Amino acid sequence: MSDHISIHAGSCLCGGVRLRITGPLAPVQVCHCVSCRKAQGTPFATNIPVDTAALQLQDDHGLVEEYESTPGKLRAFCRRCGSPIYSRRPDTPGVLRLRAGLLDEPVASAPDAHAFVGSGAGWWPRPDDGLPCFEGARPPGPLTRQG
Ligand SMILES: [Zn+2]
Ligand SMILES: [Zn+2]
């Protein structure tokens, strides 16, 4: 988005967990799966994959708690305020999926696709924002825009 090194900062709701990301942000992945809905309490989660080498996570009070929501997938949250922080898979080390709502504005990223639209909440409209929609998981890696 710009040619200088960007720094993004963010925090959980109570401010006990703070984070900084150095370098450009990946696109936001929107996930409508049942687990994300329950974990966030919202119709979808907005996640940014972040290289752990680019992320500084400051948790001075030991507030980050990880919950294994499905085997091999850990969802981290602040145990004081309940903010979801990230998810990670120990079998794919080096990357966390940060919850985009933690970031302070402005955020130099934008959504690039919807995943698990096929199991989306019946009470929320199907996405019609022109982004690619996948009934299940999004394919790995960057998406190529068609037309
Ligand atoms: Zn907190
Ligand atoms: Zn999900």
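Only the coordinates and a few stated rules stand behind these numbers; no lab work does. Keep in mind that this is a model prediction, so the values were computed, not measured. All Cβ positions, glycine included, derive from the backbone under ideal geometry; neighbour counts span all protein chains shown.
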Quiz item: Can you tell which of Asp91, Asp60, Asp112 is surrounded by fewer than 17 Cβ atoms within 10 Å (Cβ to Cβ), under 18 Å from Val28 (Cα atoms) and of a type outside the set (Val, Ile, Thr)?
Solution: Asp112
Exercise. Only strands (runs of 3 or more DSSP E) wholly contained in the range 1-114 count here; list those with 2 or more residues that are within 13 Å of ligand 1 (Cβ to nearest atom) and within 14 Å of the chain's Cα centre (by Cα).
Key: 7-11, 73-78, 84-88
Quiz item: Within the set of pairs 6 or more residues apart or between chains, which connect a residue that is farther than 17 Å from Ser35 by Cβ and of a type in the set (Phe, Trp, Tyr) inside the range 109-126 to a residue that is outside any strand (DSSP E or B) and within 16 Å of ligand 2 (Cβ to nearest atom) with Cβ atoms less than 8 Å apart?
Solution: Trp123/Pro43
Quiz item: Looking at Thr46, Thr70, Thr52, which one is of a type in the set (Val, Ile, Thr), in contact with a strand residue (DSSP E or B) (Cβ under 8 Å, 6 or more places away or on another chain), in contact (Cβ under 8 Å) with a residue 24 or more places away in the chain and within 16 Å of ligand 2 (Cβ to nearest atom)?
Solution: Thr46
Quiz item: Of the residues that make up the range 37-45, is at least one in contact with a Leu (Cβ under 9 Å, 6 or more places away or on another chain) and surrounded by 17 or more Cβ atoms within 10 Å (Cβ to Cβ)?
Solution: no
